[in-house]
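Written out below as structure tokens is the structure these notes cover.
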Amino acid sequence: MQLDAYSTSYSEEHIRSLNWYEHIRLRPGMYIGKLGDGSAPDDGIYILIKEIIDNAVDEFVMGKGKTIEVNIQKKDTVYVRDYGRGIPLGKVIEAVAKMNTGGKYDSRAFKKSVGLNGVGIKAVNALSAHFNICSIRENKAVNASFQRGLLVGQKEESSNGLPNGTMVSFSPDPEIFGPFTFHFEYIEHMLKNYVCLNPGLIILLNGKKFYSENGLKNLLEEAIDEEMAHPIIHLKGDDIELALTYSVRPYNERCFSFVNGQHTTQGGTHQAAFREAFVKTIREFFNKNYDAADIRKALIAAVSIKVIEPIFESQTKTKLGSNNMGPDLPSIRAFVLNFVKNQLDNFLHRVPDIAEKIQHRILISKEERKELVGVQKIARNRAKNVGLHNKKLRDCRQHYNNSRASRREETTLFITEGDSASGSITKSRDVEVQAVFSLRGKPLNTYSLTKKIVYENEEFNLLQAALNIENKLEGLHYNRVVLATDADVDGMHIRLLMITFFLQFFPELVQKGHLYILQTPLFRVRNKKGNVYCYTAAERLDALSRLGKNSEITRFKGLGEISPNEFKPFIGNDMRLEPVIMTKDTNVKKLLEFYMGKNTPDRQAFIIDRLKTEQKFHEMSTY
């Protein structure tokens, strides 16, 4: 009976035809991946910026326009100006507001471009509250203005001598994205990649200049914040560039891969080909059948190729799916294998000192692996015995490493202190995408310890297994790893200990923007008018001014004090997450030594100074 009811409810009135902008706004994930609030580097607001800059970079690649200007205005409006050829004036509106329209279907105009289908700029238009474009060619300018994809104004006029190019400004639509914040660290990282992949290109962000002379060598120098085992090897050829070195520390392999200037964060055929070629070349050079894991351990590499009409696995172009360099050209695998075999082998013969250091690093990795074999076996058996009955992990149904999971980007693991805090989150969570891992108390300070402790310490080993990151980050179960600790001294200490753990043994988790701190309310101010949850003393004062001085104030000292019904919104759509961000200026070694090493006079002075500041703030904020 129920089946009949469903079948009869499907009729002509259920068939809809959407305008191009309606479809993009209805299914934004198809075009820009996830939405997000700006706290993660792959959130939609950054993809919008990237789509516009991609077009400007394509002009540079075609030899037109060496400078791109980017300005972020009023916290929500982005302005991008290039000095390329400009969109043909008669096609400006079609280029940004008509699907299946664009110059990149013609490979004569754009041979090896980033954007291929002309979809990106249309997605920006449709997902923006306000979108304006101006194309300048031959002393004429065409301007067009849109609101949420709808054309609201257009005009053609003299450019008054302004140089050719395209100007775009847009404001991401809060109806789509909700409240959001641009983190300039993420934007700057994006721009550094652009200039390193396009030596000679100048990008200005609110006047700050980004420029690179040495391509991927500069990119690796920016990415590496630890001691290198040897100077960076930098190799260039037609349509391919490679830079690599080893870390002194036993980190997992890190590989940054790019296609036509696009950062393929999920790799693809070119990255797989490089990994295969590197292992094969090293084995043949040393005439030793080294284990592939030992060869790639602590390797830091960047590889970039240029391909005619590449095929990516999604509109966001994070993974290369095709294996063709172009018509009548070798496969990507064969091309990369041949380049690495010849160029890297030649380099190692010319510079035997670096070859010796590479072999030394491989032998160290081999010894480290052998040392861990016994303890790994014990730890795995222990984890297997715990198995599905691990009381510390309350898992969710979807996982980040499952590309078919419909909500993989939302997958989150909350790391909590104690059972009371985990109880509130467990009862409030979305079991589809939110998991909880409960710590027993203060974890061990792992500063200066070796990876062996991860296996010997049962709690760390179970956490590593829950995250599924023992050997590489590709298997990560959760897109967001969130430290959910109490807002007190103990909670802060646990937070620092866990950040130390991740920086020591899994720095890539932090580098790739997966680690966050959960912000929960410190106060609840309420009266008959309603409840206001406050995250700071300043917000508490504001709530009192609105609800009245006689309102009841509750100070939440721990997450366990907040009832599950109250807690649910704090880990829902309005969840406040503070990303843990690593930049080039972050010296992890010195940072950990200062905060987590021996108690030096400098650290004592630092703490005392901050205590005075906090006391002064408390006195000022007392109502």
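The values are calculated or read from the model by the stated rules, or taken from the named source; none is laboratory data. These numbers were taken from a predicted model, which means no experiment stands behind them. No Cβ is skipped: glycine too gets one built from the backbone with ideal geometry, and neighbour counts run over all protein chains shown. Keep in mind that these areas ignore ligands, DNA and RNA; they rest on the heavy atoms of the full protein, side chains included. Shrake-Rupley method; radii C 1.70, N 1.55, O 1.52, S 1.80 Å.
Does segment 518-526 include one or more residues that are outside any helix (DSSP H, G or I) and closer than 20 Å to Arg440 by Cβ? Yes, some residue in segment 518-526 is outside any helix (DSSP H, G or I) and closer than 20 Å to Arg440 by Cβ. Selection over segment 422-459 of residues that are in a helix (DSSP H, G or I), surrounded by fewer than 22 Cβ atoms within 10 Å (Cβ to Cβ) and either under 25 Å from the mean Cα position of the chain (by Cα) or of a type outside the set (Phe, Trp, Tyr) (or both) gives a count of 9. Can you work out which of the residues in segment 218-254 that are charged (D, E, K, R) and more than 25 Å from Leu329 (Cβ to Cβ) is least open to solvent (accessible area, probe 1.4 Å)? Among residues in segment 218-254 that are charged (D, E, K, R) and more than 25 Å from Leu329 (Cβ to Cβ), the one least open to solvent (accessible area, probe 1.4 Å) is Arg254. Residues of segment 149-193 that are assigned to a loop (DSSP other than H, G, I, E, B) and more than 21 Å from Ile53 (Cα to Cα): Ser159, Asn160, Gly161, Gly178, Pro179. What are the residues in segment 16-55 that are in a helix (DSSP H, G or I), in contact with a helix residue (DSSP H, G or I) (Cβ under 9 Å, 6 or more places away or on another chain) and aliphatic (A, V, I, L, M), if any? Selection gives Ile24, Met30, Ile32, Ile45, Ile47, Leu48, Ile49, Ile52, Ile53. When Gly115 is tested against (1) within 27 Å of Asp37 (Cβ to Cβ); (2) at pLDDT 85 or above; (3) surrounded by 19 or more Cβ atoms within 10 Å (Cβ to Cβ), only condition (2) is not met.
Taking segment 292-342 as the range and being assigned to a strand (DSSP E or B) and open to solvent by 50 Å² or more (accessible area, probe 1.4 Å) as the test, only Asn324 passes. Beta carbons closer than 6 Å, at least 6 apart along the sequence or on distinct chains, pair a first residue in segment 199-218 that is over 16 Å from Tyr79 (Cα atoms) with a second that is of a type in the set (S, T, N, Q) and assigned to a loop (DSSP other than H, G, I, E, B) for Pro199/Ser212; Asn218/Ser212.
Here is a check on your reading of the model: is Glu13 among the acidic types (Asp, Glu), outside any loop (DSSP other than H, G, I, E, B), surrounded by fewer than 18 Cβ atoms within 10 Å (Cβ to Cβ) and modelled with pLDDT under 85?
Numbers: among the acidic types (Asp, Glu): yes; outside any loop (DSSP other than H, G, I, E, B): yes; surrounded by fewer than 18 Cβ atoms within 10 Å (Cβ to Cβ): yes; modelled with pLDDT under 85: yes.
Yes: the conditions hold for Glu13.
Residue count for segment 519-553, restricted to those that are free of Cβ contacts under 8 Å to residues at least 24 places away in the same chain and open to solvent by less than 40 Å² (accessible area, probe 1.4 Å): 6.
Conditions tested, residue by residue: (1) over 21 Å from Phe131 (Cβ atoms); (2) touching a residue at least 40 places away in the same chain (Cβ under 8 Å); (3) touching a Lys or Arg at 6+ places or on another chain (Cβ under 9 Å).
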{"position": "Met167", "(1), (2), (3)": "no, yes, yes"}
{"position": "Ser171", "(1), (2), (3)": "no, yes, yes"}
{"position": "Pro179", "(1), (2), (3)": "no, yes, no"}
{"position": "Glu185", "(1), (2), (3)": "yes, yes, no"}
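Pairing each residue of segment 42-57 that is touching a residue at least 12 places away in the same chain (Cβ under 8 Å) and under 12 Å from Pro28 (Cβ atoms) with any residue that is among the small types (Gly, Ala, Ser) and open to solvent by less than 10 Å² (accessible area, probe 1.4 Å), provided the two are 6+ apart or on different chains, yields C-beta distances under 8 Å for Ile45/Gly38; Leu48/Ala123; Leu48/Ser128.
Out of the residues in segment 460-499 meeting the condition of being β-branched (Val, Ile, Thr) and within 20 Å of the chain's Cα centre (by Cα), tell me which one is surrounded by the most Cβ atoms within 10 Å (Cβ to Cβ). Looking at residues that are β-branched (Val, Ile, Thr) and within 20 Å of the chain's Cα centre (by Cα), I get Val481.
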